[in-house]
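Report on the following structure.
The values are calculated or read from the model by the stated rules, or taken from the named source; none is laboratory data. Remember, it's a predicted structure, so these values are computed and weren't measured experimentally. Neighbour counts are summed over all protein chains in view; Cβ atoms, including those assigned to glycine, are modelled from backbone coordinates with ideal geometry.
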Amino acid sequence: MAMVYLTRKLEFSASHLYHNPALSAEENKRIFGKCNNPHGHGHNYTLEVTVAGEPDPVTGMVLDLKELKEILEREITQRMDHRFLNYEVAELKGQIPTCENIARVIWNLLEPKINKGRLHKVRLYETPDLYADCYRNGAHGA
């Protein structure tokens, strides 16, 4: 049977700032520029979550889409939507909330919750022309 890759998309809004306390104020400003504003700035993120698997012969689905929607609502939207990521998302504590780090945190939140098929890819758009992809152990491709 052929492997199917099913993708669900969701959007959330959040703010963040880039700051490394191990660096001086000048170094932070030089490296992170306007993203180092102490008051932060916001984005309308778009998240695409891809699950790989074989369609169930009874339902024709890789997994129950309603269940995936509930997992995304509980694990991502409730945790990250309209939050200041640096201060309000425990999983990002001690990390600079770059698109890359947020994508990795989302992967770690979702992977253990998906029981049918397997998490294949997390793609997080910070802006329409900037996104990060996260795959299991760096493997990628369909």
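For this structure, a couple of remarks:
- Qualifying residues in region 118-131 (those that are more than 24 Å from PRO38 (Cα to Cα) and in contact with a strand residue (DSSP E or B) (Cβ under 7 Å, 6 or more places away or on another chain)) - the one surrounded by the most Cβ atoms within 10 Å (Cβ to Cβ): VAL122
- Cβ-Cβ contacts under 9 Å between residues 6 or more apart (or on different chains), taken from a first residue in region 99-119 that is in a helix (DSSP H, G or I) to a second residue that is among the small types (Gly, Ala, Ser) and buried (at least 18 other Cβ atoms within 10 Å of the Cβ), are listed as ILE102/ALA14.
- The residues of region 11-31 that are free of Cβ contacts under 8 Å to residues at least 60 places away in the same chain and more than 17 Å from HIS82 (Cα to Cα), listed by number, are PRO21, ALA22, LEU23, SER24, ALA25, GLU26, GLU27, ASN28, LYS29, ARG30, ILE31.
- In region 7-36, the qualifying residues are those that are surrounded by 14 or more Cβ atoms within 10 Å (Cβ to Cβ) and polar (S, T, N, Q), and the one that is nearest to GLU75 (Cα to Cα) is SER15.
- Residue selection: ASN20 fails the criterion of being assigned to a helix (DSSP H, G or I), over 24 Å from ARG136 (Cβ atoms) and touching a helix residue (DSSP H, G or I) at 6+ places or on another chain (Cβ under 9 Å).
- Residue satisfying all of: in region 98-117; closer than 17 Å to TYR131 by Cβ and among the polar types (S, T, N, Q); surrounded by the most Cβ atoms within 10 Å (Cβ to Cβ) among these: ASN101
- Identity of the residue in region 58-76, assigned to a loop (DSSP other than H, G, I, E, B) and of a type outside the set (Gly, Ala, Ser), that ends up farthest from the chain's Cα centre (by Cα): VAL58
- Members of region 118-142 that are at pLDDT 95 or above and of a type in the set (Gly, Ala, Ser): ALA132
- Qualifying residue in region 72-79 (condition: touching a helix residue (DSSP H, G or I) at 6+ places or on another chain (Cβ under 8 Å) and under 30 Å from LEU23 (Cβ atoms)): yes
- Condition check for ARG8: touching a residue at least 12 places away in the same chain (Cβ under 8 Å), in contact with an Asp or Glu (Cβ under 8 Å, 6 or more places away or on another chain) and charged (D, E, K, R): yes
- Restricting region 45-57 to residues that are assigned to a loop (DSSP other than H, G, I, E, B) and in contact (Cβ under 8 Å) with a residue 40 or more places away in the chain, the residue that is farthest from the chain's Cα centre (by Cα): ASP56
- Residue in region 39-59 that is out of contact with any strand residue (DSSP E or B) (no Cβ under 8 Å at 6 or more places or on another chain), of a type outside the set (A, V, I, L, M, F, W, C) and farther than 30 Å from ALA2 by Cα present: yes
- Here GLY42 meets the list (1) under 15 Å from GLU126 (Cα atoms); (2) in a loop (DSSP other than H, G, I, E, B); (3) among the small types (Gly, Ala, Ser) almost entirely, failing just condition (2).
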